[in-house]
Amino acid sequence: MRIPPDIIQHRVLYDGIQALNYSGSKELLKSPAHYQAYLNQEREETKALRMGSLIHCAVLQPELLNEKFITAPICDKRTKEGKAAFAEFESSLKPGQTVVSAEESCECHIIASAAKHALDRMGVEFEMTEFMFTTDHCGVQLKCAIDGIGTDGYLYDLKTTEDASPAGILKSIRAYRYNLQAYFYRLCFETAFERRLLGFRFLFIEKTPPYATAVVEIGPELMSYACSDFEKALQSYRECTTLNEWPAYGDAVQVIDIKGPSTSTAITFA
């Protein structure tokens, strides 16, 4: 019997749902113990996360930008006047608003503008953005948060990067397993909504001038690794959940050589 997907409206609710996601899958590929550490870690707001959220909002949900973010005034808090001005600013904050500096706000809007121009040049329009849901796959609950569902039949994800050249992007794919993300999200969407997609595309935007952009689809060889990674993570999650045991690397002696450890789940890319 098919279990219908559960669409999640708020990020806080989504984050609180215990289900396997792309980020968790990456940790499981290290070890189940790393996955548990990932679940239990304190998630502090960093400049990178704050700016990433602002850029996503400016591109994907501009109508919510002023509700979610506010720019702090430029004032010297060492002076009486500066302290008073900042206190007045803090008293005006609405619940849930994220405060960003003027410098961060300026930088984020430049990057967001570059992303929007790239999407406009391609004629990309979204039928849904920041779309979150859970779905059942082979008895395992999965969840994902998709940046954008294009009217062109593609799923889209925005990434800021230092280097959007082909070599730079390949390096990022290997480092962050973006091929696994593409596979995971497409599988979740097609399973949940029984709708065939044309593919998954990333929009990479460089964080420094000239704020160059690149739209990328990941090729079949890298996606074959992603399929293998996904099945390993799914099996590990199912077994560890059933046994309620989350081991690390184990005590067995591993032989490490150029082609990679014989007992490791790590991928060696060609």
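The values are calculated or read from the model by the stated rules, or taken from the named source; none is laboratory data. Quantities reported herein were computed from a predicted structural model and do not represent experimental measurements. No Cβ is skipped: glycine too gets one built from the backbone with ideal geometry, and neighbour counts run over all protein chains shown.
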When the range 151-206 is checked residue by residue, the ones that are of a type in the set (Phe, Trp, Tyr) and assigned to a helix (DSSP H, G or I) are 176, 178, 183, 184, 185, 189, 193
Regarding residue 143, is this residue surrounded by fewer than 17 Cβ atoms within 10 Å (Cβ to Cβ) and either more than 25 Å from residue 20 (Cα to Cα) or modelled with pLDDT of 95 or more (or both)? no
Practice problem: Looking only at the range 108-126, decide whether some residue is assigned to a strand (DSSP E or B), out of contact with any His (no Cβ under 6 Å at 6 or more places or on another chain) and surrounded by 17 or more Cβ atoms within 10 Å (Cβ to Cβ). | Solution: yes
Scanning the range 41-81 for residues that are β-branched (Val, Ile, Thr) and either in contact with a His (Cβ under 8 Å, 6 or more places away or on another chain) or free of Cβ contacts under 8 Å to residues at least 24 places away in the same chain (or both) gives 46, 79
So, residue 96, is that one loosely packed, with under 15 Cβ neighbours inside 10 Å and under 19 Å from the mean Cα position of the chain (by Cα) or not? no
Listed by first then second residue, the pairs whose first member lies in the range 234-260 and is under 22 Å from residue 23 (Cβ atoms), whose partner is assigned to a loop (DSSP other than H, G, I, E, B) and of a type in the set (Phe, Trp, Tyr), with beta carbons under 7 Å and at least 6 positions apart or on separate chains, are 240/246
The number of residues in the range 58-98 that are closer than 30 Å to residue 157 by Cβ and part of a helix (DSSP H, G or I) is 10
In the set 81, 45, 127, 104, the lone residue that is charged (D, E, K, R) and over 23 Å from the mean Cα position of the chain (by Cα) is 81
Scanning the range 223-238 for residues that are out of contact with any strand residue (DSSP E or B) (no Cβ under 8 Å at 6 or more places or on another chain) and either under 13 Å from residue 138 (Cβ atoms) or part of a loop (DSSP other than H, G, I, E, B) (or both) gives 230, 231, 235
